[in-house]
1. Within the bounds of segment 27-41, is there any residue that is of a type in the set (A, V, I, L, M), within 13 Å of the ligand (Cβ to nearest atom), out of contact with any Leu (no Cβ under 7 Å at 6 or more places or on another chain) and more than 20 Å from Asp10 (Cα to Cα)?
2. What do you reckon, is Gly57 small (Gly, Ala, Ser) and under 17 Å from Glu13 (Cα atoms)?
3. Checking the structure you have, find out if any residue of segment 39-55 is at pLDDT 90 or above, closer than 15 Å to Thr75 by Cα and of a type in the set (Lys, Arg).
4. Condition test on Glu72, is it more than 13 Å from the ligand (Cβ to nearest atom), under 15 Å from the mean Cα position of the chain (by Cα), surrounded by fewer than 16 Cβ atoms within 10 Å (Cβ to Cβ) and outside any loop (DSSP other than H, G, I, E, B)?
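The values are calculated or read from the model by the stated rules, or taken from the named source; none is laboratory data. Computed from a prediction, not measured in an experiment: that's the story for all the values here. Cβ sites come from the backbone with ideal geometry, for glycine too, and all protein chains shown count toward neighbours.
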Amino acid sequence: MSDTLLSSLDLIEPGDLVIYTGSIPSLHGLWLAIPCPCRICEAIDAFGLPDTRFALGDPWGQRPGPHHVRRESITRSIACT
Ligand SMILES: [Zn+2]
């Protein structure tokens, strides 16, 4: 199946609640997703590469979340409809 088709069916908008299931098990759970604001990801974006990374923020602002999170590592939460 095409990755492009798959992601277009499940777009993540900035500020969406997502479930992180990536490579850091201690951070698995509910986060707010925003486009990763770091300069590396910004540069990748400027090249037009379809490799969007996300930064995850605590919805309660209590702890820093992971950065450069791959799209495949997060699932849009069904809580945000
Ligand atoms: Zn980044």
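1. yes
2. Yes, satisfied.
3. yes
4. It is true that Glu72 is more than 13 Å from the ligand (Cβ to nearest atom), under 15 Å from the mean Cα position of the chain (by Cα), surrounded by fewer than 16 Cβ atoms within 10 Å (Cβ to Cβ) and outside any loop (DSSP other than H, G, I, E, B).
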